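Structure, as structure tokens:
The values are calculated or read from the model by the stated rules, or taken from the named source; none is laboratory data. Bear in mind that the values here come from a model prediction, so they are computed numbers and not experimental data. Backbone-built Cβ (ideal geometry, glycine too); neighbour counts: all protein chains shown.
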Ligand code: SAH
Ligand code: F3S
């Protein structure tokens, strides 16, 4: 199971739940890409729930089909285009059907979607979901509708997301939107706009609400959670200078994490995604002090070579990254890490590639999410650099990186064997319906036999007796006694 990206099998899956019985219209809502998109879809479902729509799993019975899309790599966009062409026949049969594109592809392609793709009636960017009711009035009157205006303020703080297709145990809570980092390869700053933080009080209220509804684990979400900063409700202009503003009122990510850990003391807390440039040792200290914060950080690095890191504008060196990792290991015992890597970025040499492999060995990541570089139109890398690594070289290097991560994962999983772990029951194992699956604090997946009286959401102590490359094999009770 992947924590950062939605489980591959869920990509493009539509989710539905029973909503307002009085609603008569049907919405088919399908999400692609990162956790943020899945979380945004819950906001969209909530807004449309108030407009008379309940969700359905069957596109053929929908009045409105929405795809929440991803632009991060070319392949992600191709998948969405293929899906849209599948809806062509449905639309021919039922002229009243409205088809819309939401999210990053909507933002990137804007009106091009309406011009090029005759299949789409509605284009809505990530900051314009509140405008959906107005836009739908336009499409009801037979006109195409578009809103791709990005906002510096929108956080949807007051919208209570409809929890779609979840297990009722784990949920996402968005804390920041957008990204100001401008990594040269990345399209996100262009599709999701400027970074902004959500009011901490609305975050705490949402977390408490989730606990009261039976949820046992939350993941605080943002493109770059570590740069979370809330100025106590005042605008920057209300303060004489930045230092005064921070001293008086600012809530940093470390502070927010602590506030959440205290507000819902029995809730498991995770967060994603961290950026090495913005990560502080304060965060590690808070993690060490609160047992309910999971001992796991997804800390993308993208490359082990300083030359590549500089070209990527990551704003840290290999050495700084490694010292951050050492500090975390020192302050948070038993901590685990996962990575994102981009393979074959502009000008990557064999030596750069070897540096990526050696960094991975040094950190010993539990997991990794590894991608061949995909040039994205409009990004600084597209404008100023040459995508010069041949596809076969990218693929060979990617295969080497994936193989090494496999070895490291197996080694890390072996390290969890021979002791008991607290596992949150998140569902039934896909391979064996008599077994539960869940994760330990370090985010490693564990499967074990079900026992009478146990249910989803229970926290159980499981003795790990073995492992595969990515999964822990556990057993309960008697066998835990050595
Ligand atoms: N901070 C974000 C990162 C978004 S992109 C988050 O919350 O996840 C997710 C990952 O996709 C990046 O870390 C990077 O490894 C990969 N990625 C981004 N742009 C890419 C590109 N042009 N080609 C290949 N991989 C890319
Ligand atoms: Fe993209 Fe870098 Fe932000 S990877 S989302 S620009 S931190």
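Each row is one residue, and each column tells you yes or no for (1) away from ligand 2 (no atom under 16 Å from the Cβ); (2) more than 26 Å from the chain's Cα centre (by Cα).
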position	(1), (2)
323	yes, no
326	yes, no
378	no, no
384	no, yes
402	yes, no
409	yes, no
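Among the conditions (1) within 16 Å of ligand 2 (Cβ to nearest atom); (2) within 23 Å of residue 36 (Cβ to Cβ), residue 308 misses just one, which is (2). Within the range 156-165, not a single residue is surrounded by fewer than 18 Cβ atoms within 10 Å (Cβ to Cβ) and in the same structural domain as residue 260 (by TED's automatic domain parsing). Among the residues of the range 40-54, the ones that are more than 15 Å from residue 102 (Cβ to Cβ) and either in a helix (DSSP H, G or I) or under 24 Å from the mean Cα position of the chain (by Cα) (or both) come to 1 in all. The set of residues in the range 194-206 that are away from ligand 2 (no atom under 11 Å from the Cβ) and either touching a strand residue (DSSP E or B) at 6+ places or on another chain (Cβ under 8 Å) or part of a loop (DSSP other than H, G, I, E, B) (or both) comprises 194, 196, 197, 198, 199, 200, 203, 206.
Could you please tell me which pairs satisfy a Cβ distance under 7 Å, a separation of 6+ or placement on different chains, a first residue in the range 169-187 that is at positive phi, and a second residue that is assigned to a loop (DSSP other than H, G, I, E, B)? Qualifying pairs under 7 Å: 178/192; 178/193; 178/194; 178/195; 178/223; 182/313.
Listed conditions (1) over 19 Å from residue 274 (Cα atoms); (2) touching a helix residue (DSSP H, G or I) at 6+ places or on another chain (Cβ under 8 Å) are all met by residue 166, apart from (2).
Taking first residues from the range 211-229 that are in the same structural domain as residue 183 (by TED's automatic domain parsing) and touching a residue at least 24 places away in the same chain (Cβ under 8 Å) and partners that are within 13 Å of ligand 2 (Cβ to nearest atom) and assigned to a helix (DSSP H, G or I), the Cβ contacts under 8 Å between residues at least 6 apart in sequence or on separate chains come to 219/35; 221/35; 221/36; 222/36; 223/36; 223/188.
Filter the range 262-294 down to the residues that are in a loop (DSSP other than H, G, I, E, B) and within 16 Å of ligand 2 (Cβ to nearest atom) and list them by number. 273, 274, 275, 276, 277, 278, 279, 280, listed by residue number. One residue stands out in the range 207-224 among those that are within 16 Å of ligand 1 (Cβ to nearest atom) and part of a loop (DSSP other than H, G, I, E, B): the one that is farthest from residue 163 (Cα to Cα), namely 224. Do you know which of the residues in the range 214-258 that are farther than 19 Å from residue 196 by Cα and at pLDDT 70 or above is surrounded by the fewest Cβ atoms within 10 Å (Cβ to Cβ)? Ranking the candidates gives 214 first.
If you go through the range 133-144 one residue at a time, do you hit one that is crowded, with 22+ Cβ neighbours inside 10 Å and either more than 26 Å from residue 313 (Cα to Cα) or more than 15 Å from ligand 2 (Cβ to nearest atom) (or both)? Yes, the range 133-144 has at least one match. When 187, 173 are screened for being within 16 Å of ligand 1 (Cβ to nearest atom), farther than 25 Å from residue 101 by Cβ, crowded, with 17+ Cβ neighbours inside 10 Å and within 17 Å of the chain's Cα centre (by Cα), only 173 passes. Just one of the numbered conditions (1) away from ligand 1 (no atom under 16 Å from the Cβ); (2) in a loop (DSSP other than H, G, I, E, B); (3) over 21 Å from the mean Cα position of the chain (by Cα) is not true of residue 388: (1).
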